[in-house]
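Structure record follows, encoded as structure tokens.
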Amino acid sequence: MMLGRHAEDLYWAGRYLERVQDTARILDVTHQWAISSPVTGSANHWNDVAAVLMLPEVADLDPSSVMRVAITDADNPNAIYSLLDQARENVRRVRELLSSELWEAVNDVWLSMHDGQDVNYDIEHHPSLVLGGVKTRCQTIVGVAAETMPRDDALCFLRLGSHLERAAFACRVVNVYARPLLDQSRSLGEWLHVLRICAGAEAYLRRGGAGLPEADVVRFLMLDESFPRSATHAVKECFDLVSTLDPSGRSRPSLLLGRLVAELQYAELDEWLGDDFGAVLDAVHAAIIESSDAVAARFFGRTELDPFQIQAVSAGGSASR
Amino acid sequence: MSHTEAVDRLFDAYDPSGAFDEVFTEVGKPRPHYDELVRRLDGLGADELARRDLMRDATFRTKGITFAVYGDAEGVERTFPLDLVPRVIPQSEWSHVEAGLAQRVRTLNLFLDDLYAGEQAAIRDGIVPRDVVVSSDGFVREAMGISVPHGARCVVSGIDLVRDGEGVYRVLEDNVRNPSGISYVVENRSLMTRVLPRVFESHEVRGVDHYGASLREALIALSPSGGSPTVAVLTPGSFNSAYYEHVFVARQMGVPLVEGRDLVVDDQVVYLRSTHGLSRVDVLYRRLDDRFLDPAGFRSDSVIGVPGLLSAIRAGNVSIANAIGNGVADDKLVYAYVPALTKYYLDEEPILPNVTTYVLDDPEQRASVLERLDQVVVKPVAGSGGYGVTIGPKATDSELADVRAAIEADPRGWIAQEVVTLSRHPTLIDGRPGARHVDLRPFVITRGDDIEVIPGGLTRVALTAGSLIVNSSQGGGSKDTWIVADPPSDTPDEPIEESLR
């Protein structure tokens, strides 16, 4: 049991830090891909990145602009800088609930981008080294949280945010990248590029399977239950976390996530890929966002109270709003 | 005088004379395909390059890209040096090399297949003497009669090339047993794109990332059965000097990395011991020497092999890459006959010449060489890693006497070659470019009936000034090798094709 406000801070810290990691990764992977691969279609790389990251209108979709907007632009609330500012603030507000190592790890990633050295120069001249560092530090945060926090509500909300963000990201990546690739036979290299955006290339290769990936990669990124960044795995984690937070299992987020898990676990990939795959992905993405709203409504003490929650409170619940 | 003019540029003091220099024709005059690189490195300057050097070091250390240097007092693991100045080869030049490499590997595949699974026609028709072949250390009697799908015996080949004083590419050595280094090619590339991305980007460099996929397909093509064959990489273990590469290759292909003790042969079928019981293996990419493969079939003291593996191979239940017995093509004496074998099997002139080589088993050639031992390079026929090589002009009298005795005792065990003054390339030594000798190890994959040359390969650098020994196991370094689109032609100093004649 904790303050709704604190839960909200942690949930969003989880979402922002995951978003930072995903952003750093997609920028790094795309940069390497763009400079290493033949020139054909390279302009599209940055269009796709802008679409996945939902960047504000960028006049000139060249690599430098996209990098700048996605990393340091103060006007972009989803720029890495902005996200780190916000995440750090959120974590600072609930500092007493967290282990000191966790606070330090969050502080560390923030500091790495405000270090006094010319970050702009570094991003201009060797972005992979900067982005690689950000990504590693974000992963460290996840590890430190797992290792130093008791399995309490605070950790649940932090992880709930992470996993929800991860699920939404997977949907967007598959929607923007995989759909066009399915229409034409593409090289393994292009599929590996999509997998790398979700840190799944090695895991995918290890699973084996012969021939060209195509639908198999979609299955891996959306439906695989053992790969931690697949949509299904992430959504299932969310469901389990909500079940821990509200064992009654009858809250609205539980219902929505439960339904979504079932839908994903029993999905027929052939049906999905049939007519309007885009619509299917949009629907899954929308369901994830709806779950997020439901989480907010149920746990953060919002005005739109769920009937079940009113019952619980009036039955002698705590002072939390 | 402005500030910028007062600051000396990176290559101002670089002297390219004394050998064929890859980059400069004379002081301050880069070849057209190096124009852009020189300009950009000059722009970065020595201080910034030093900074990038440190970043490179840190990344290498984190990744654990190491190589054991035998006999090195510092211990077992050292980071494999990558020099930040890449080697650049324009596509027009590379096409020639590529064709030559494919031709060479095709010839070697045909020769080995003819020898072990065919009629030994090349021997019968007098192209290569029988006793040269059967007396070779690499000739494996047990491989006779074992056929290989598509005759793809050299699945991975490392054909070492050098450039002589006239800039002509020559084959120095064929490595078709267990050539290593591809992991450094891919890792070096990955380093360069992270540490010097803008320099890289300003060139249109052909990629090397597909190596894992190509190798995997090549191994699958070897499978004795259809369907979805199980491929594994067989390593001697973590103490092996190239272990890093074994891990790398297994990971790139997404296949298990196994040691001999993980495998068991039952009824001539190979299995790996898994948590779910025994699981059949169809293709093994083995990084062990032939003689250690099977204590039942070869050296009985081998603890890294798999008892019964040879019989499984014979029964056609498992394929291995590279095939058993390739050592005979690795043999430096057989090397001398490869041009003739090319003409014989393919009815083509060899595209890439050998280094002029003397067969010391032949009395006339031996006599002539012994008269001028101090002018030639003498190599043991079965050596590798640059060990046992005597470079005449640099050897002491006592070393020459030793070599003379060794040749006379076992003429079949040695060859001699004219000294090739290897080409040189600017290499950062303490932050400033110095000319160092380089060679090139490109990697060639035989995939079924196709041959694929990985663009570029490992440029190896002899880090000691004047040294011609580039092997990593003796403290050499490396460079990334960029195959780039040809520069826009103004008037190049000399037509590149001419230098290759």
Do you know which residues across region B:255-300 are among the charged types (D, E, K, R) and either in contact with a Lys or Arg (Cβ under 6 Å, 6 or more places away or on another chain) or farther than 17 Å from B:Thr235 by Cα (or both)? B:Asp262, B:Asp266, B:Asp267, B:Arg280, B:Arg291, B:Arg299
When B:Pro129 is run through (1) at pLDDT below 95; (2) in contact with a strand residue (DSSP E or B) (Cβ under 6 Å, 6 or more places away or on another chain), the failure sits at (2)
Which residues, counting only those in region B:385-422, are within 29 Å of B:Gly181 (Cα to Cα), touching a Ser or Thr at 6+ places or on another chain (Cβ under 9 Å), in contact (Cβ under 8 Å) with a residue 60 or more places away in the chain and not β-branched (Val, Ile, Thr)? B:Gly385, B:Gly386, B:Tyr387, B:Gln417, B:Glu418
Please find, within region B:177-187, the residue that is nearest to the other protein chains (Cβ to nearest Cβ) out of those that are in contact with a strand residue (DSSP E or B) (Cβ under 7 Å, 6 or more places away or on another chain) and closer than 24 Å to A:Val29 by Cβ. B:Val185
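Can you pull out the helices (runs of 4 or more DSSP H) entirely within region A:123-207 that have at least 1 residues that are at pLDDT below 90?
A:179-183, A:188-197, A:201-206
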Give the residue, chosen from B:Asp209, B:Asp174, B:Asp137, that is open to solvent by less than 30 Å² (accessible area, probe 1.4 Å) and either in a loop (DSSP other than H, G, I, E, B) or away from chain A (no Cβ under 14 Å) (or both). B:Asp174
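Here's the yes/no breakdown for (1) touching a Phe, Trp or Tyr at 6+ places or on another chain (Cβ under 9 Å); (2) more than 14 Å from every other protein chain (Cβ to nearest Cβ):
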{"residue": "B:Ala19", "(1), (2)": "no, yes"}
{"residue": "B:Val23", "(1), (2)": "yes, yes"}
{"residue": "B:Pro30", "(1), (2)": "yes, yes"}
{"residue": "B:Glu36", "(1), (2)": "no, yes"}
{"residue": "B:Leu49", "(1), (2)": "no, no"}
Check region B:80-91 and report whether any residue there is at pLDDT 95 or above and not in a strand (DSSP E or B). yes
When region B:188-206 is checked residue by residue, the ones that are facing chain A (nearest Cβ under 9 Å), assigned to a helix (DSSP H, G or I) and either within 23 Å of B:Pro90 (Cβ to Cβ) or not basic (Lys, Arg) (or both) are B:Arg189, B:Ser190, B:Thr193, B:Val195, B:Pro197, B:Arg198, B:Phe200, B:Glu201
Does region B:177-198 hold any residues that are closer than 22 Å to A:Tyr121 by Cα and open to solvent by 10 Å² or more (accessible area, probe 1.4 Å), and which are they? B:Ser190, B:Arg194, B:Arg198
From B:Leu428, B:Leu422, B:Leu440, grab the single residue that is closer than 16 Å to B:Val168 by Cα and assigned to a strand (DSSP E or B). B:Leu440
For residues in region A:42-62 being modelled with pLDDT under 75 and either open to solvent by less than 40 Å² (accessible area, probe 1.4 Å) or within 14 Å of another protein chain (Cβ to nearest Cβ) (or both), which is nearest to A:His285 (Cα to Cα)? A:Val58
For B:Val176, are the conditions met, namely being more than 30 Å from B:Pro30 (Cβ to Cβ), touching a Pro at 6+ places or on another chain (Cβ under 7 Å) and touching a residue at least 24 places away in the same chain (Cβ under 8 Å)? no
Take region A:114-143 and flag every residue that is surrounded by fewer than 20 Cβ atoms within 10 Å (Cβ to Cβ) and more than 14 Å from every other protein chain (Cβ to nearest Cβ). A:His114, A:Asp115, A:Gly116, A:Val119, A:Asn120, A:Val142, A:Gly143
Identify the single condition in (1) surrounded by fewer than 20 Cβ atoms within 10 Å (Cβ to Cβ); (2) modelled with pLDDT of 90 or more; (3) not acidic (Asp, Glu) that B:Gly388 does not satisfy, given that it satisfies every other one. (2)
Only one of (1) free of Cβ contacts under 8 Å to residues at least 40 places away in the same chain; (2) not in a helix (DSSP H, G or I) fails for A:Glu89. Which number is that? (2)
Among A:Val217, A:Val194, which is the only one that is touching a residue at least 24 places away in the same chain (Cβ under 8 Å), farther than 30 Å from A:Phe299 by Cα and within 14 Å of another protein chain (Cβ to nearest Cβ)? A:Val217
Please enumerate the residues belonging to region A:1-26 that are open to solvent by less than 30 Å² (accessible area, probe 1.4 Å) and either modelled with pLDDT under 85 or more than 14 Å from the chain's Cα centre (by Cα) (or both). A:Gly4, A:His6, A:Ala7, A:Asp9, A:Leu10
Within region A:61-90, residues within 16 Å of the chain's Cα centre (by Cα) and over 16 Å from A:Val134 (Cα atoms) come out as A:Pro77
What do you reckon, is B:Ser157 assigned to a strand (DSSP E or B), closer than 22 Å to B:Ser95 by Cα and not basic (Lys, Arg)? yes
Select from region B:298-326 the residues that are out of contact with any Phe, Trp or Tyr (no Cβ under 7 Å at 6 or more places or on another chain) and under 30 Å from B:Gly100 (Cβ atoms) and write down the one among them that is surrounded by the fewest Cβ atoms within 10 Å (Cβ to Cβ). B:Ile320
Going through region A:144-156 in order, the residues found to be more than 21 Å from the chain's Cα centre (by Cα) and either surrounded by 21 or more Cβ atoms within 10 Å (Cβ to Cβ) or polar (S, T, N, Q) (or both) are A:Thr148
Test of understanding: among B:Pro380, B:Pro363, which residue is open to solvent by 20 Å² or more (accessible area, probe 1.4 Å) and in contact (Cβ under 8 Å) with a residue 24 or more places away in the chain? B:Pro380
So, in region B:238-283, how many residues would count as being more than 20 Å from B:Pro179 (Cβ to Cβ), open to solvent by 50 Å² or more (accessible area, probe 1.4 Å) and either touching a Phe, Trp or Tyr at 6+ places or on another chain (Cβ under 9 Å) or within 13 Å of chain A (Cβ to nearest Cβ) (or both)? 3
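Taking B:Leu222, is it within 30 Å of A:Val29 (Cβ to Cβ) and buried (at least 21 other Cβ atoms within 10 Å of the Cβ)?
no
The values are calculated or read from the model by the stated rules, or taken from the named source; none is laboratory data. Treat the numbers as computed from the prediction; the structure is a model and nothing was measured. No Cβ is skipped: glycine too gets one built from the backbone with ideal geometry, and neighbour counts run over all protein chains shown. These area figures cover heavy atoms from the full protein model, side chains too; ligands, DNA and RNA do not enter into them. Shrake-Rupley method; radii C 1.70, N 1.55, O 1.52, S 1.80 Å.
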